[in-house]
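Colleague: My questions will all concern the structure given below.
Read the figures in this text as sums done on the coordinates, not as results from a lab. What you are looking at is a predicted structure, and each value in this text was computed from that prediction instead of being measured. Counting neighbours? That spans all protein chains shown, and the Cβs are built from the backbone with ideal geometry, glycine included.
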Amino acid sequence: QFFLSANQRIKQLQPDVIHLHSSKAGFRGRFLTVGKAKLIYTPHCYAFEREDISVYAQKFYRILEGIRIKKFTAIAGCSQRECDLAISLGAKKAELLNNYVTYQSNAGNSVPRGEKINLVALGRVAKQKDPQFLCHVAEHIMQHESDIQLNITWIGGGDPSLEQQLRDKGIEVTGMLPGSEVVERLRNADIYLHTAAWESMPLTILEAAKLTR
């Protein structure tokens, strides 16, 4: 059904460019009938880089990524590593397409520091973001750095069992929030900790860097 609907839509629109985002879309998209359209693919971290699957699954996903890879006009990687991996897979061209954020870089400069240190992590509460790592950080601080006064917050929501693991360590989990509130919480943080087990070039790091004070 996907291929039938997508091919019909492409035929109707006659686009100049089709841009595929994520490994799933990238794999399906290479089998579409695209006519004269340029086919661009941004993996946002290849599936074979996942660390929650077996080595055999990683190798299998890597083989899949190489299938018909030359159909793409270019791989638009959001990190240099993603571009390098694309070339190693056999892509005929890879270009770096940097992520960016648009709010003002001085947005966090006027926030006063409090007595407690506010540490935040940001993203979906899922295995890929490795919330267990933040749990280990919180546990270590409680056991070995008891003189540090720390508020820890995970901005985001997701897997209920992983959310509960965070709460069990005294970490606030906000659930999914509007973008403006996410920015406000980052602005009031002292430390942003990026915990992901595997990643490409996430906006969250750029958002935190933009608000550095």
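Colleague: Once amide H atoms are built 1.01 Å from N in the peptide plane, which residues 5 or more positions from Leu150, or in another chain, come under 5 Å H to H?
Modeller: Ile117
Colleague: Give the range of the longest stretch in the chain that excludes all GluC sites (Glu not before Pro) found in loop regions by DSSP and having at most 13 other beta-carbon atoms within 10 Å.
Modeller: By the stated rule (loop sites, at most 13 other Cβ atoms within 10 Å), 146-213.
Colleague: Quick one: length gained pulling Met142 to Asn7 fully straight, 0.36 nm per residue minus the C-alpha distance?
Modeller: The Met142-Asn7 span can extend by a further 43.0 nm.
Colleague: Under a straight-distance cross-link criterion of Cα-Cα below 18 Å, which aspartates and glutamates are reachable from Lys71, leaving out those fewer than 8 residues away in the same chain?
Modeller: Asp16, Glu82, Asp84, Glu95
Colleague: Of Met201, Met142, how do they rank once you tally other Cβ atoms within 10 Å and put the fewest first?
Modeller: Numbers: Met201 18, Met142 13.
In increasing order of surrounding Cβ atoms, one gets Met142, Met201.
Colleague: Too long at a 19 Å Cα-Cα cut-off: which of Lys116/Lys210; Lys93/Lys129; Lys38/Lys70; Lys129/Lys210; Lys11/Lys36; Lys59/Lys129?
Modeller: Where the Cα-Cα span goes over 19 Å, the pairs concerned are Lys116/Lys210; Lys93/Lys129; Lys129/Lys210; Lys59/Lys129.
Colleague: Between Gly66, Gly158, Gly179, find the one with the highest GNM mean-square fluctuation for the chain; connect C-alpha pairs within less than 10 Å.
Modeller: Gly179
Colleague: Could I ask something else about it? Taking K and R as +1 and D and E as -1, what net charge do the other residues with C-beta under 9 Å from the C-beta of Ile69 add up to?
Modeller: +4
Colleague: Follow-up question, since we're still on this one. Can you list the HN-Hα couplings for the stretch 198-204, worked out from phi with the Karplus curve (6.51, -1.76, 1.60; θ = phi - 60°), rounded to whole Hz and with x for Gly and Pro?
Modeller: Calculated HN-Hα couplings, in order: 8, 6, 9, 9, x, 5, 4 Hz.
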